[in-house]
Amino acid sequence: MSLQARVATLAVAFLAVAAGVIFVVFHIIGAQPPVENYAPYAKNGAVDVMLMTTPETTVSNKPDWVSYFIKNPATGQFDHTTYFQVPANTKVNVTILGYDGCTPLRNPLWGRVSGVVGDVENVAYVNKGQTTPTQGVSTFDSWADCSVQHTFAIPGLGINVPVASPPTVEENNNLCETGPCVGNDDDTGNAPHSVVTFSFTTPKTAGTFRWQCFVPCGGGYLDGNGGPMGTPGYMMGQMEVRA
Amino acid sequence: MATDASGAVPSPRPAPAPVAAGRRRDALWLLTLWIAASVIGCLLVALVWGPHLPPGRASEQAASQQTDYTVLATMATPVVIGVLLYFGWALAFWRQQPGDETDAAPQHGSLKVQTTWIVGTAAIVLSLAIYGTVELIVPAGAGGGQGPQPIFNNGMPPAASTTSWSPNSNNVLQVQVIGQQWAWTYRYPQFGGFETTQLVLPVDQPVQFNVTSLDVIHSFWAYTLGVKADANPGVNDVAYATPNTMGYFQVRCDELCGIWHGAMYDTGQVMSVADFQAWTQATAVKMASVTKILPPYALTYDPTTIPAGKINQALGLTSAGGGYYNPADPEQP
C-alpha cells in the first residue's frame with residue numbers, strides 16, 4: 001500500500017472514530033427530551049399544565065414501558081417528554097390523565113398527598129364515556145385498594161401526589177393500548193382512566209427541580225427502578241422554574 | 001563495575017575531611033530546621049487547622065472524629081515536613097555542579113540511620129493503629145460500636161422502650177432511616193410510628209438511627225453529625241449520634257444508587273427538646289391518616305409480601321411495586 005493510501009486510510013479511520021464519539025456524546029448520552037415551555041401561557045399568576053400517564057409508549061422504541069407525556073401548550077398535542085418549564089412564584093394548576101393500571105406502593109407513605117394546595121388532590125374516574133363526580137382525596141391506601149398507578153413527586157419542594165388509577169378489575173384489564181392515549185375508541189382516549197387535578201405554587205426564585213414517580217414501575221428491571229424509572233422522558237423528569 | 005588498569009576493583013576512597021565536615025554541617029542544619037518547622041507545623045495543625053477539620057463539632061460523635069483527625073494530622077506533620085525538607089535540601093544544595101563528571105561517593109548502610117528510621121516510623125504507625133482502634137470501638141466512631149450487630153453501644157444504654165420516649169432518660173430516641181430511590185424517609189416508633197420526609201432531632205439527646213432500605217443499597221450520611229451508615233435492604237444498620245448544636249444539617253446518600261443518586265439529599269434540623277416534642281405531637285396528628293396504613297414498625301421491611309386487598313389479589317398484585325428482587329434472588333438481573 002502506498003504512503004498516500006495509508007495516510008488516507010488513517011485519516012478516514014480517525015474521522016470515523018471521531019464521528020462515532022461525537023454521535024454517542026451528543027445524540028445518546030447528551031440526549032434530552034424536549035422541554036414544554038408553559039411560561040408564556042401564565043395568566044394572572046397562574047398557569048395550567050397537563051400531563052398523561054400511559055401503560056405503553058408506542059411512539060417510542062420502548063413500546064412496553066410505562067411513561068408520562070406532557071401536553072404541548074402551543075400545539076395541544078401530547079409530546080413524549082417529562083421536561084417542562086413554568087414561571088417562578090406562580091400557581092401551577094396540574095391535570096394528570098391517568099391511563100395506567102394500579103400498582104401497590106412500595107412505601108405507603110407516598111399514598112399521602114402533600115405539598116399541594118390543601119394537601120388534597122381532586123379525582124374523577126372516566127370509563128365508557130361516563131365520568132364520576134370529582135372528589136377530594138388526601139390519602140390513598142394502595143395496599144388495600146387498587147387505587148394508585150404512579151406518583152408525581154418533586155422531593156425538593158415536598159410535593160407528592162399519587163396518581164389515582166382506574167379502580168376495578170374490569171377497568172384494569174382493559175387499559176389503553178397506545179401511548180399517548182389519544183383517540184376516540186376504547187383502546188385509546190376512551191379507555192378507563194382517572195382525571196387528577198391539584199395546584200401548587202412555584203418558588204420565588206429560579207431553579208431546576210427533578211420530579212419522579214415513587215411506584216417502582218420498571219417491571220423486569222432491578223427492583224423495578226430501572227428502565228422507565230431511570231430514563232428521562234418516561235417516569236422522571238425536570239421542572240424548570242424561570243424567574 | 002569499574003576496574004583499574006590491573007583489573008582489580010578499586011577500593012572506595014574515604015571521603016575527604018572537608019566533605020565529612022560538610023555532611024555534619026548539613027545534618028545539623030537539617031535537624032535544626034526540622035525540629036523548628038515541626039514544632040511550628042504541629043502547633044498550626046493542632047490549634048489553627050484542627051478546629052476547622054471536618055466534620056465539625058455539631059455532635060459528640062462529630063467532635064470525636066474531628067479530634068481524631070487533628071491527632072492524626074498533627075502526628076503526620078513532622079513526617080511530612082521531614083520528607084519535604086530533606087527533598088528540598090537535596091535539590092538546593094546537593095546538586096551536581098556544572099562540569100563535575102565524577103561519581104558520587106559510594107553509599108554504605110548506616111545501622112544508626114536504619115534503626116532510627118524503622119523504630120521511629122514503627123512507633124508512629126503502631127501507636128496510631130492502637131489509638132485508631134480504640135477510637136473506632138469505644139467513644140463514638142464507627143466500626144465495632146455500630147453496624148448491623150453492634151458489639152458496643154458507644155456507651156449508650158439500650159432502648160428501654162420502643163414505644164415511648166422521654167428526654168434525659170436511659171431510653172434512647174429511636175429514629176428509623178428508610179432509603180428508597182431516591183429519597184430518605186424517617187420513622188419515629190416511640191411517637192406512634194409515624195413516618196415523614198423530615199428528620200428532626202432534639203439537642204443534647206442520644207439518638208439511635210436504625211438504617212435500612214426498601215430497594216438498593218444507599219448510605220445515610222448526616223455529614224456534620226458524624227454519622228454514616230449503609231442502608232441495605234433486609235438489614236438494620238445501627239448508628240448513634242448525640243447532636244449538641246441546634247440548627248440545620250445536610251443528609252446525603254453516599255452510595256451510588258441510581259440516576260438520581262446525586263439529588264438524594266435533604267436537610268435535617270436539631271431543635272430544643274421542647275420544640276422537638278411539640279413537633280412530634282403535631283406531626284403525629286398531621287400524618288395520622290397515612291400512619292394507620294403503614295406496615296407495623298419493624299427494623300426491616302420486605303416489599304415482596306404485602307397484605308394486598310381483594311382487588312389487588314384479583315389482579316395478581318401481591319407485592320409492592322415493580323418486581324422487587326430479593327438481594328439473594330438468583331434471577332435478579
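The values are calculated or read from the model by the stated rules, or taken from the named source; none is laboratory data. Everything quoted here is computed from the prediction, not taken from an experiment. Counting neighbours? That spans all protein chains shown, and the Cβs are built from the backbone with ideal geometry, glycine included.
Side notes on the structure shown:
- Only one of A:Asp79, A:Asp64, A:Asp100, A:Asp119 that is more than 30 Å from B:Pro295 (Cα to Cα) and within 14 Å of chain B (Cβ to nearest Cβ): A:Asp64
- Residue that is nearest to A:Ser114 (Cα to Cα), among those in the stretch A:187-226 that are at pLDDT below 90 and touching a helix residue (DSSP H, G or I) at 6+ places or on another chain (Cβ under 6 Å): A:Pro216
- Residue check, B:Ser64 closer than 30 Å to B:Asp204 by Cα and part of a helix (DSSP H, G or I): yes
Let's see how each residue does on (1) within 25 Å of B:Asp68 (Cβ to Cβ); (2) surrounded by 11 or more Cβ atoms within 10 Å (Cβ to Cβ); (3) not assigned by TED's automatic domain parsing to the domain that holds B:Val45:
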site	(1), (2), (3)
B:Tyr86	no, yes, no
B:Gln107	no, no, yes
B:Thr121	yes, yes, no
B:Ser127	yes, yes, no
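- Among residues of the stretch B:236-253 that are without any contact (Cβ under 8 Å) to a residue 60 or more places away in the chain, those with a beta-carbon under 6 Å from a residue that is part of a loop (DSSP other than H, G, I, E, B) at least six positions away or on a different chain give the pairs B:Met246/B:Val203.
- Subset tally (residues that are surrounded by 22 or more Cβ atoms within 10 Å (Cβ to Cβ) and facing chain B (nearest Cβ under 9 Å)) for the stretch A:148-157: 2
- Strands (runs of 3 or more DSSP E) contained entirely in the stretch A:128-235, each with at least 1 residues that are assigned by TED's automatic domain parsing to the domain that holds A:Glu56 and free of Cβ contacts under 8 Å to residues at least 40 places away in the same chain: A:135-137, A:207-212
- The residue that is surrounded by the fewest Cβ atoms within 10 Å (Cβ to Cβ), counting only those in the stretch B:174-191 that are of a type outside the set (D, E, K, R), within 20 Å of B:Ser289 (Cβ to Cβ) and within 14 Å of chain A (Cβ to nearest Cβ), is B:Thr185.
- Flag if A:Met235 is in contact with a His (Cβ under 8 Å, 6 or more places away or on another chain) and within 14 Å of chain B (Cβ to nearest Cβ): yes
- Filtering B:Met156, B:Met246 for residues that are more than 30 Å from B:Ser289 (Cβ to Cβ) and at pLDDT 95 or above leaves a single hit, B:Met246.
- Among the residues of the stretch B:288-328, those that are modelled with pLDDT under 80 and either under 18 Å from A:Gly220 (Cβ atoms) or among the acidic types (Asp, Glu) (or both) comprise B:Thr304, B:Thr318, B:Ser319, B:Ala320, B:Gly321, B:Gly322, B:Gly323, B:Tyr324, B:Tyr325, B:Asn326, B:Pro327.
- Taking first residues from the stretch B:299-320 that are at the interface with chain A (Cβ under 8 Å from one of its Cβ atoms) and partners that are surrounded by fewer than 20 Cβ atoms within 10 Å (Cβ to Cβ) and not in a loop (DSSP other than H, G, I, E, B), the Cβ contacts under 9 Å between residues at least 6 apart in sequence or on separate chains come to B:Ile311/A:Val169; B:Ala314/A:Val169; B:Leu315/A:Val169; B:Leu317/B:Ile311.
- In the stretch A:185-198, the residues that are over 22 Å from A:Tyr83 (Cβ atoms) and buried (at least 23 other Cβ atoms within 10 Å of the Cβ): A:Ala191, A:Pro192, A:His193, A:Ser194
- Exactly one residue out of A:Thr132, A:Thr201 is in contact with a strand residue (DSSP E or B) (Cβ under 6 Å, 6 or more places away or on another chain), more than 25 Å from B:Thr197 (Cβ to Cβ) and surrounded by fewer than 17 Cβ atoms within 10 Å (Cβ to Cβ): that is A:Thr132.
- Failed criterion for B:Glu331 (all others in (1) over 25 Å from B:Phe209 (Cα atoms); (2) within 9 Å of chain A (Cβ to nearest Cβ); (3) modelled with pLDDT under 80 hold): (2)
- The residues in the stretch A:212-231 that are surrounded by fewer than 24 Cβ atoms within 10 Å (Cβ to Cβ), touching a strand residue (DSSP E or B) at 6+ places or on another chain (Cβ under 8 Å) and more than 7 Å from chain B (Cβ to nearest Cβ) can be counted, and the count is 0.
- Residue match in the stretch B:255-272 (condition: under 16 Å from the mean Cα position of the chain (by Cα), buried (at least 18 other Cβ atoms within 10 Å of the Cβ) and not in a helix (DSSP H, G or I)): yes
- Test for B:Ala104: is it at pLDDT below 90 and over 48 Å from the mean Cα position of the chain (by Cα): no
- The single condition from (1) within 14 Å of chain A (Cβ to nearest Cβ); (2) of a type in the set (D, E, K, R); (3) in a strand (DSSP E or B) that B:Asp215 fails is (3).
- So A:Asn107, is it in contact with a Lys or Arg (Cβ under 8 Å, 6 or more places away or on another chain), within 11 Å of chain B (Cβ to nearest Cβ) and closer than 22 Å to B:Ala263 by Cα: no
- Taking the criterion of being modelled with pLDDT under 90 and aromatic (Phe, Trp, Tyr), the only residue of the stretch B:251-266 that qualifies is B:Trp260.
- Verdict on B:Phe194 being buried (at least 24 other Cβ atoms within 10 Å of the Cβ) and either away from every other protein chain (no Cβ under 14 Å) or of a type in the set (A, V, I, L, M, F, W, C) (or both): no
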